[in-house]
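All remarks here apply to the structure that follows.
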Amino acid sequence: MSRMMTQAVDAQDSISFFVESSSLQRNPEETFTERAYILRILFSIRNLNIDSALNTLHNMGVFIGEYNKDHLYRLHFEQRLSLLDANQTMQLLLNIEVDSYEDIVSEMLAVYEERVNNSPFLCLKRTFEENFGSTDRVSSVVIWLFFALNNWECARDALLVKIFEKAPRIGNHQEVVMKLLGSSLHGLETEKNLETDICIILKFLRVVTTSSGRNFIEPRGDARISADDEVRERTSRFKLGKLRERVVMSNSSKANSDKDFTGSWKPSGLPIIDSQWEPLSKAQQKCVILLSSMAPGMVESTGDMIKILIKSHEHVDFSVFSKYQPQYSETENIAHNIISLLQRFSHVIDVDQSSSFEFVNNFIQCCFESSLGVAQLEAMSLCLKVQIYVSCHLIDRIRKPVYQGLINAFNQRAFHSDSKNQLPNFISSHVMESIDRWSQTEKFPPNLVKQILLPLCL
């Protein structure tokens with residue numbers, strides 16, 4: 001893997017971890033990527049009151065949505081698990097472009113009027129133009145510089161150098177960096193003025209979303225799960241007309257994807273014939289594999305849960321699923337399919353569901369609290385807790401590789417090389433005993449199928 005690709009992967013892991021940890025409100029789905037980017041940028045800006053900035057953006061007509069503030073603040077500012085270094089920050093900035101640089105400048109001039117020297121951005125613009133000429137042709141670079149100069153997470157000098165490496169030739173990089181870092185504009189940055197400038201810029205930026213860009217938001221996993229998940233290049237901005245246009249296009253795309261039936265691997269002995277299996281979407285197929293791999297003592301009725309997903313299949317005898325046992329030789333393939341499905345839970349789990357998943361928190365506390373440290377428990381997102389909950393209801397020989405795959409992926413994104421705080425990727429005998437005791441009174445709830453699996457199949 002090339003150095004550039006490695007950096008992109010590292011950025012993807014870190015950014016998707018931040019987004020997953022935020023449990024950011026998913027709806028409206030059409031603007032989720034843009035809202036996630038804006039929230040991530042706000043958390044990178046020093047001396048910024050994030051609550052106040054979100055309120056300012058809302059008054060400007062830019063809706064971000066609710067998120068798990070307590071968890072994200074603790075994880076980002078206290079544990080510092082989701083910080084980006086200079087390389088990762090540069091990868092984030094590369095997915096941001098200026099939609100209307102003229103509008104940004106015009107709105108700031110209108111806001112500040114005779115007080116233009118109070119604007120951190122306008123001061124940066126003036127400093128840049130005094131030394132290197134007009135900013136019109138390099139507007140994206142100026143925006144990147146503004147974010148970099150106000151970044152608290154990484155080495156700003158290193159980030160500035162990387163920005164100029166991506167920019168057209170402006171001059172000696174080291175000289176430029178020293179001038180910007182040594183300029184007096186930093187003393188002008190009152191918190192309120194910085195907030196104003198940041199919000200105006202975010203209002204007029206667009207996120208350029210390519211295949212790699214979209215993956216920055218969602219965890220890496222199996223991208224082939226359904227036709228609806230084909231990654232398309234798109235640009236976006238927070239305008240109502242554009243939003244309506246995209247909603248219409250999204251609905252049309254979903255309608256077309258519903259007609260695109262493509263079969264995938266089916267475990268041997270699964271009690272459903274090929275003519276009933278092949279019309280199912282890939283998401284439905286993976287959900288059936290998941291539910292069919294549940295431990296019998298941990299569910300009331302496998303068939304009833306599968307019926308929720310494929311209730312249109314009138315001729316399927318759902319009762320026979322309770323007798324199905326996955327073959328030993330297919331354990332690896334089954335685990336792979338289940339992991340790829342569980343990794344997509346972040347697509348449907350958000351802060352709005354926190355109260356309805358209280359039983360999941362109780363499960364984690366009851367079964368894992370004695371085996372994990374406080375920092376480890378606090379780092380776990382709601383999405384990860386639900387993933388663990390589901391994986392622990394699988395039969396033992398499938399549970400182990402699925403759990404290991406989930407935890408390894410989480411550790412990579414959350415703790416990187418910090419092996420001391422990483423979550424153990426195995427289930428101890430003590431935890432297994434706790435899970436068994438839990439399952440004696442608490443069975444896998446069919447409502448979870450409706451809350452998570454069914455939306456993934458729509």
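Side notes on the structure shown:
- Test: Leu124 is crowded, with 20+ Cβ neighbours inside 10 Å and either of a type in the set (D, E, K, R) or more than 17 Å from Ala86 (Cα to Cα) (or both): yes
- Scan of the range 74-92 for residues that are among the aromatic types (Phe, Trp, Tyr) and over 19 Å from Asn150 (Cα atoms), ordered by number: none
- Output for the range 400-414, where each listed residue is without any contact (Cβ under 8 Å) to a residue 60 or more places away in the chain and not hydrophobic (A, V, I, L, M, F, W, C): Lys400, Tyr403, Gln404, Asn408, Asn411
Yes or no, residue by residue, for (1) in contact with a helix residue (DSSP H, G or I) (Cβ under 7 Å, 6 or more places away or on another chain); (2) surrounded by fewer than 19 Cβ atoms within 10 Å (Cβ to Cβ); (3) outside the structural domain of Ile272 (by TED's automatic domain parsing):
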position: Ala295; (1), (2), (3): no, yes, no
position: Ser301; (1), (2), (3): yes, yes, no
position: Phe321; (1), (2), (3): yes, no, no
position: Ser346; (1), (2), (3): yes, no, no
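- Selection within the range 80-124 - of a type in the set (S, T, N, Q), over 30 Å from Ala379 (Cα atoms) and at pLDDT 95 or above: Ser106
- Residue tally, condition touching a helix residue (DSSP H, G or I) at 6+ places or on another chain (Cβ under 6 Å) and either more than 18 Å from Glu191 (Cα to Cα) or among the hydrophobic types (A, V, I, L, M, F, W, C) (or both), over the range 49-64: 6
Residue-by-condition table, conditions (1) touching a residue at least 12 places away in the same chain (Cβ under 8 Å); (2) of a type outside the set (S, T, N, Q); (3) farther than 19 Å from Gly405 by Cα:
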{"residue": "Lys307", "(1), (2), (3)": "no, yes, yes"}
{"residue": "Val316", "(1), (2), (3)": "yes, yes, yes"}
{"residue": "Glu330", "(1), (2), (3)": "yes, yes, no"}
{"residue": "Ile349", "(1), (2), (3)": "yes, yes, yes"}
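- Elements of the type helices (runs of 4 or more DSSP H) sitting completely within the range 263-327 and holding at least 2 residues that are of a type in the set (Lys, Arg): these cover 282-292.
- If only residues of the range 410-458 that are surrounded by 17 or more Cβ atoms within 10 Å (Cβ to Cβ) and touching a Lys or Arg at 6+ places or on another chain (Cβ under 8 Å) are counted, the one that is farthest from Leu291 (Cα to Cα) is Ile427.
- Listed here are the helices (runs of 4 or more DSSP H) enclosed by the range 12-104 that have at least 3 residues being touching a residue at least 24 places away in the same chain (Cβ under 8 Å): 32-42, 50-59, 86-93.
- Identity of the residue in the range 191-210, among the β-branched types (Val, Ile, Thr) and touching a strand residue (DSSP E or B) at 6+ places or on another chain (Cβ under 7 Å), that ends up surrounded by the fewest Cβ atoms within 10 Å (Cβ to Cβ): Val208
Table: residues versus (1) more than 21 Å from Thr331 (Cβ to Cβ); (2) out of contact with any Leu (no Cβ under 6 Å at 6 or more places or on another chain); (3) at pLDDT below 95.
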site: Pro401; (1), (2), (3): no, yes, no
site: Arg413; (1), (2), (3): yes, yes, yes
site: Lys420; (1), (2), (3): yes, yes, yes
site: Asn425; (1), (2), (3): no, yes, yes
site: Ser429; (1), (2), (3): no, yes, yes
site: Lys443; (1), (2), (3): yes, yes, yes
site: Leu456; (1), (2), (3): yes, yes, yes
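- Qualifying residue in the range 154-167 (condition: touching a Ser or Thr at 6+ places or on another chain (Cβ under 7 Å), in the same structural domain as Asn118 (by TED's automatic domain parsing), modelled with pLDDT under 70 and surrounded by 20 or more Cβ atoms within 10 Å (Cβ to Cβ)): no
- Taking the range 18-45 as the range and being over 18 Å from Ile96 (Cβ atoms), surrounded by fewer than 23 Cβ atoms within 10 Å (Cβ to Cβ) and out of contact with any Gly (no Cβ under 9 Å at 6 or more places or on another chain) as the test, the residues that pass are Glu29, Glu30.
The values are calculated or read from the model by the stated rules, or taken from the named source; none is laboratory data. It should be emphasised that the depicted structure is a prediction, and the values quoted were computed from it without experimental measurement. Cβ coordinates were reconstructed from backbone atoms using ideal geometry, including for glycine residues, and neighbour counts include every protein chain displayed.
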